[in-house]
Amino acid sequence: MTAKVRRLAGSLGAEVTGVDLDGASPASILELLTEHQVLFFPGQEMSVDQHVAFGRQFGEIQGHPHLENPFTDNEFLLELAASTGGIAEEWHSDISFAEHPALFSILKMVECPEYGGDTVWASTYAAYESLSPALQDLCDGLTALHDAHPHGRPDKMWIHPVVRVHPATGRKGLFVNEHFTRRIVELSAVESDALLGVLLDAVAQPGHAVRYSWTAGTIAMWDNRCTQHRVLNDFDGQRTIQRVTVMGDIVNGAGEQRWKPRVRNARGDKTRLDRQLIAHLDSLAKPKV
């Protein structure tokens, strides 16, 4: 791919110019994405159909499992519009509450305000590598419960490793996020809150991030297996995005699960802190009909 690649931050992120994505080599894009984790392609003129076709080159695409899409008639594209902020302002990787989360997300900025509404991505490699070896070893053997409560579907949940290994690079990264992760399974609820606070703080460190200021027509593509992102809620004015999501991720943990789930089965007030986890574990134990 003949293009100019400009690195944007120390941990992740590159802006790519001089390439038309409608016709670009998927293999070349994946090579760049593996290196930089999130890519930005300004000045692209891509229709909805071209956007969807572009996404299909990287795997199976699906519409959002919970959010309605009243703006377009294409079931494979999600469009979100806002004029006063408040969209996706918590750190997250897309659809981590599913058994097979999103592999890649491909977002087109259709319309953006004059200022504000930037998006920030964090490298979960960098977050994991910033932890002490002792804490890394502990986290390698833990799992976490994710759910879709922010979408009004707390019943949709799955348990994933706290630390995952990227299949292309072999690097370890944290796989817990502020938006969808509810609980460390092998710890008590109080212990879980404390550890999640440490891990989420590691993700949010400025040195692990890249911040991007949008222009209309920019396409961003990121790898959900090694990044998280959030939108800054600091804008007034129309901000419209269209997103295609490549699904089918298989989450591979960094180590063997060493401990059993930590839940209270006895009666008492604190059992309320374990009810969601107990219900999910019970559902997994039931034979499938």
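The values are calculated or read from the model by the stated rules, or taken from the named source; none is laboratory data. The shown structure was predicted, so the numbers you read here are calculated from the model rather than taken from an experiment. A quick note on method: Cβ atoms are made from the backbone with ideal geometry, for glycine too, and the neighbour counts reach across all protein chains shown.
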Scan of the stretch 87-101 for residues that are among the aliphatic types (A, V, I, L, M) and surrounded by fewer than 23 Cβ atoms within 10 Å (Cβ to Cβ), ordered by number
I87, A88, A98
Would you pick out the residues in the stretch 208-217 that are part of a loop (DSSP other than H, G, I, E, B) and buried (at least 20 other Cβ atoms within 10 Å of the Cβ)?
W214
Looking only at the stretch 146-201, which residues are over 24 Å from L284 (Cβ atoms), surrounded by fewer than 20 Cβ atoms within 10 Å (Cβ to Cβ) and charged (D, E, K, R)?
R171, E178, D201
Pairing a residue in the stretch 6-23 that is among the aliphatic types (A, V, I, L, M) with any residue that is assigned to a loop (DSSP other than H, G, I, E, B) and modelled with pLDDT under 95, where Cβ atoms lie under 8 Å and the two sit 6 or more apart in sequence or on different chains, gives V16/A3; V19/M1; V19/T2; V19/A3; L21/M46
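Taking the residues in the stretch 115-145 that are of a type in the set (S, T, Y) and modelled with pLDDT of 95 or more as candidates, determine which candidate is surrounded by the most Cβ atoms within 10 Å (Cβ to Cβ). Give the steps one after another, and end with the answer.
Initially, the stretch 115-145 is screened for residues of a type in the set (S, T, Y), giving 115, 119, 123-125, 128, 130, 132, 143.
After this cut, where a residue has to be modelled with pLDDT of 95 or more as well, the list is 119, 123-125, 128, 130, 132, 143.
Details: T119: 22, S123: 30, T124: 33, Y125: 21, Y128: 26, S130: 17, S132: 8, T143: 19.
Checked the stretch 115-145; the qualifying residue surrounded by the most Cβ atoms within 10 Å (Cβ to Cβ) is T124.
For (1) assigned to a loop (DSSP other than H, G, I, E, B); (2) at pLDDT below 95; (3) over 19 Å from E79 (Cβ atoms); (4) out of contact with any Phe, Trp or Tyr (no Cβ under 6 Å at 6 or more places or on another chain), each residue gets a yes or a no:
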site	(1), (2), (3), (4)
V16	no, no, yes, no
G23	yes, yes, yes, yes
I29	no, no, yes, yes
L33	no, no, yes, yes
Q44	yes, no, no, yes
